[in-house]
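*Asks:* Sending over a structure as structure tokens; questions will come in a sec.
The values are calculated or read from the model by the stated rules, or taken from the named source; none is laboratory data. Only a predicted model underlies this, so the values are computations on that prediction, with no experimental measurement involved. Please note: Cβ atoms are built from the backbone with ideal geometry, for glycine as well, and neighbour counts cover all protein chains shown. Quick note on the areas: whole protein, heavy atoms, side chains included, nothing else; ligands and nucleic acids left out. Shrake-Rupley method; radii C 1.70, N 1.55, O 1.52, S 1.80 Å.
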Amino acid sequence: MMAKKGRLELKETKLFHTTKEDLESAAQLIREGKTVIFPTETVYGLGANAMDEKAVREIFKAKGRPADNPLIVHIDSLEKIGRYVKELPRNAQLLAEAYWPGPMTLILPKKECISDVVSAGLMTVGIRIPQSAVAREFLKNCDLPVAAPSANLSGSPSPTTFEHCKDDMMGRVDGIICGEDSAVGLESTVIDACGEIPVILRPGGITPEMIKTVCGDVIVDKSVDGVVDTEKPKSPGMKYRHYAPNAEVILVKYGDTEKMRKLAEEVKESIVLLTEESVENFGRESAICIGSQKNPETVAHNLFRVFRECDKKGYKRIILEEIEDKEIGLAVMNRAKRAAKK
Ligand code: TXA
Ligand code: MG
């Protein structure tokens with residue numbers, strides 16, 4: 001569901017740098033109940049005070065986000081988590097110690113101070129401590145739990161650069177912090193950490209292998225592979241066609257350059273996104289290299305940015321070479337499959 005720009009009252013969007021003074025001014029806006037976009041190592045987030053219902057509603061408005069999709073709450077240190085969650089089960093404790101600050105969100109039983117608008121009526125809340133130094137300084141200055149979804153218009157690829165945020169959100173939020181490009185480039189791993197065995201609801205930079213190392217076991221929810229119970233999905237966000245560029249996206253198996261060529265010939269405005277390993281075989285014309293099979297982090301880092309660039313250039317068809325769905329490749333392929341869904 002896209003929000004119509006015309007229906008929204010335009011806001012005056014202040015742009016901030018990452019100086020000490022600017023990060024303090026940006027935090028002041030959050031304390032006043034305003035919305036501010038901030039950089040993190042996964043993607044940029046669109047933040048507001050998670051204890052202020054009115055402020056949180058502004059996030060949903062700015063994004064055009066359905067109200068049944070809960071938001072992640074960001075804090076700057078583990079010491080503060082007890083203010084917002086009822087308990088920290090053993091697995092959550094282990095994961096928190098191992099991978100926070102970092103690209104990981106833990107679903108935990110929420111305390112009442114977190115607005116029901118944040119949790120979309122659920123009894124749980126997703127908490128994350130980002131790694132990005134700018135994000136943490138900003139959050140520390142806010143001294144509040146900051147609810148923040150990815151700072152894109154609902155349905156489009158998450159923003160991994162300041163420019164992406166400006167493209168989507170100028171006039172829709174009160175502030176944007178101009179930080180670095182997001183290092184990971186895909187959203188955090190969402191883990192339900194309430195039960196005996198941690199369950200991955202959305203794959204990301206913290207991989208199943210990494211979770212298993214710490215907890216001994218891990219379950220990957222079936223929605224990760226594209227099977228979603230639309231009536232009652234565990235992670236409500238997974239039922240929406242996310243991460244999608246405007247162009248049609250078609251996935252092709254690793255190395256099948258013949259099929260890529262054939263698909264590209266069918267539609268004039270086609271572009272092939274392939275990995276380093278296939279560049280030579282395909283030839284360079286009408287292709288963009290998105291990273292390496294051997295180094296899936298590179299593909300994760302580039303995917304959303306390249307999707308947006310393809311849209312800007314007006315391509316109608318994107319032919320995307322698959323990578324192996326292990327480690328962070330699982331997260332890459334999860335986003336790729338969802339983008340390819342009709
Ligand atoms: O990396 C990230 O996670 C970024 C940055 C800004 O932190 N945020 C982000 O938020 O991706 P968003 O709103 O785009 O995605 C949050 C995902 C959704 O799929 C949502 O359904 C799920 O987390 N989620 C949030 N709270 C939940 C809860 N209590 N139970 C189950 N799933 C939840
Ligand atoms: Mg999002």
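*Asks:* When the range 284-300 is examined, which residues are found to be out of contact with any Ser or Thr (no Cβ under 6 Å at 6 or more places or on another chain) and open to solvent by 20 Å² or more (accessible area, probe 1.4 Å)?
*Replies:* Arg284, Glu285, Ser286, Ala287, Ile288, Cys289, Lys294, Asn295, Glu297
*Asks:* Continuing with the same structure: Taking Ile197 as meeting all but one of (1) in contact with a strand residue (DSSP E or B) (Cβ under 6 Å, 6 or more places away or on another chain); (2) surrounded by 17 or more Cβ atoms within 10 Å (Cβ to Cβ); (3) modelled with pLDDT of 95 or more, write down the number of the exception.
*Replies:* Only one criterion in (1) in contact with a strand residue (DSSP E or B) (Cβ under 6 Å, 6 or more places away or on another chain); (2) surrounded by 17 or more Cβ atoms within 10 Å (Cβ to Cβ); (3) modelled with pLDDT of 95 or more is unmet by Ile197, namely (2).
*Asks:* Please indicate, with yes or no, whether at least one residue in the range 71-91 is surrounded by 19 or more Cβ atoms within 10 Å (Cβ to Cβ), touching a Ser or Thr at 6+ places or on another chain (Cβ under 7 Å) and acidic (Asp, Glu).
*Replies:* No, there is no match, as no residue in the range 71-91 is surrounded by 19 or more Cβ atoms within 10 Å (Cβ to Cβ), touching a Ser or Thr at 6+ places or on another chain (Cβ under 7 Å) and acidic (Asp, Glu).
*Asks:* Still on this structure, I have one more. Which one is nearest to ligand 2 (Cβ to nearest atom), of the residues in the range 142-167 that are part of a helix (DSSP H, G or I) and open to solvent by 20 Å² or more (accessible area, probe 1.4 Å)?
*Replies:* Asp167
*Asks:* Let me ask another. Answer yes or no as to whether Ser188 is within 16 Å of ligand 2 (Cβ to nearest atom) and either open to solvent by 30 Å² or more (accessible area, probe 1.4 Å) or modelled with pLDDT under 90 (or both).
*Replies:* Judged against the criteria, Ser188 is not a match.
*Asks:* Restricted to the range 97-106, and to residues that are surrounded by fewer than 24 Cβ atoms within 10 Å (Cβ to Cβ) and assigned to a loop (DSSP other than H, G, I, E, B), which residue is nearest to ligand 2 (Cβ to nearest atom)?
*Replies:* Gly102
*Asks:* Quick check on this structure: which one of Val332, Val279 is of a type in the set (Val, Ile, Thr) and more than 27 Å from Leu201 (Cβ to Cβ)?
*Replies:* Val279
Okay, residues lined up against (1) open to solvent by 30 Å² or more (accessible area, probe 1.4 Å); (2) of a type in the set (Val, Ile, Thr); (3) in a loop (DSSP other than H, G, I, E, B):
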position: Val249; (1), (2), (3): no, yes, no
position: Glu258; (1), (2), (3): yes, no, no
position: Arg261; (1), (2), (3): yes, no, no
position: Leu273; (1), (2), (3): no, no, no
position: Glu280; (1), (2), (3): yes, no, no
position: Phe304; (1), (2), (3): no, no, no
position: Tyr315; (1), (2), (3): yes, no, yes
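*Asks:* Also: Somewhere in the range 107-130, is a residue buried (at least 23 other Cβ atoms within 10 Å of the Cβ), touching a Gly at 6+ places or on another chain (Cβ under 7 Å) and outside any helix (DSSP H, G or I)?
*Replies:* yes
*Asks:* When only residues in the range 14-62 that are β-branched (Val, Ile, Thr) and touching a strand residue (DSSP E or B) at 6+ places or on another chain (Cβ under 6 Å) count, which is surrounded by the most Cβ atoms within 10 Å (Cβ to Cβ)?
*Replies:* Result: Ile37.
*Asks:* For the range 131-141, enumerate the residues that are touching a Ser or Thr at 6+ places or on another chain (Cβ under 8 Å), surrounded by fewer than 24 Cβ atoms within 10 Å (Cβ to Cβ) and either of a type in the set (A, V, I, L, M) or not assigned by TED's automatic domain parsing to the domain that holds Ile37 (or both).
*Replies:* Listed by number, the list holds a single entry, Val134.
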